[in-house]
Amino acid sequence: MELLYGLLDWLYYGVIAPFFRFLSQTLTLIFLKPLEMLGVPVGLQVALIAVLTAVLAFRIRSWLRVEEKVREFNERFAEKRKAQQDLQLISDWKSRDALYRATDEELNHEYNTFLAYHYARYVLVYLLPLFLILAWLNNYFSEPWLIARFGKPFVILLPDNRLGAQGLSVTFIFLLVYVVSLIIGFRIKKYRRS
């Protein structure tokens, strides 16, 4: 067991952690440092990164050919459903019932398999970039850094209000802009198709 723990420690501390540190430093040099030098406010920096993350999600979606796979599945599934409905032409009810149950199980299995792969693709497309970029931003714009810069752990401070909201966090701004960017992106794709 100690050998396994040693191997996992080496894998994490020797490979995974250094890779993500390097990736974080690279992203910071490419995106955040130039924006800081241009004097872009922190909230706008987070919003721009959220938009770029949404663009990345659409690129990953394209690379994984999600729409093609969904279309292929729908066509294949519709053909099998049509073939299953042709079983109504069989006069022997016992044979028809047995074939119907067998094809129904096959359709259920194929549909469940499709859903599992579809869910995995959506995690890769939307959630993985979201979590990784958000972890990077929350590490870079850490709470102590925000307190030192703005006096509170928020990117945008709000005036006193009845709700008691003091400000908008990195996570809130990122998620809001990311979701809105995805919605706009899907609208643009839909508009281009029509």
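The values are calculated or read from the model by the stated rules, or taken from the named source; none is laboratory data. This is a predicted model, so every value here is computed, not measured. Every residue, glycine as well, gets a Cβ built from its backbone with ideal geometry; the counts of neighbours run over all protein chains shown. Ligands, DNA and RNA are stripped out before the accessible areas are found, and what is left, the full protein with its side chains, is counted by its heavy atoms. Shrake-Rupley method; radii C 1.70, N 1.55, O 1.52, S 1.80 Å.
List of remarks:
- Heavy-atom accessible surface of segment 116-172: percent carbon and sulfur, 1.4 Å: 66 percent
- Taken per residue, the accessible surface of segment 109-194 reaches 70 Å², heavy atoms only and a 1.4 Å probe.
- LEU128-LYS94 FRET efficiency (beta carbon distance; Förster radius 41 Å; 0.05 resolution): 0.25
- On the basis of the beta-carbon distance and an R0 of 45 Å, GLU110 and ARG149 show a calculated FRET efficiency of 0.25.
- Karplus-derived 3J(HN,Hα), 6.51/-1.76/1.60, for each residue of segment 72-81, Hz, glycine and proline x: 4, 5, 4, 5, 5, 5, 4, 4, 5, 5
- The chain: angle of helix 128-140 to the longest principal axis, Cα-based, in degrees nearest 10: 10 degrees
- For the pair segment 132-181 / segment 13-73, the C-alpha centres are spaced 18 Å from each other.
- In this rough spin-label picture, where each label sits 7 Å from Cα along the Cβ direction, the ALA135-LYS190 distance is 3.3 nm.
- For the peptides 139-148, 105-114, the ranking by packing is 139-148, 105-114, with the highest mean count of neighbouring Cβ atoms within 10 Å listed first.
- ³J(HN,Hα) computed for each position of segment 24-37 - Karplus, 6.51 cos²θ - 1.76 cosθ + 1.60, integer Hz, glycine/proline x: 4, 5, 5, 4, 4, 5, 7, 10, 6, 4, x, 5, 5, 5
- Relative counts (whole %) of C-alpha pair distances in segment 52-194, using bins that are 10 Å wide: 10, 24, 21, 17, 13, 8, 5, 1, 0
- Fully extending the segment from GLN166 to ILE16, taken as 0.36 nm per residue of separation minus the present Cα-Cα distance, adds 50.4 nm.
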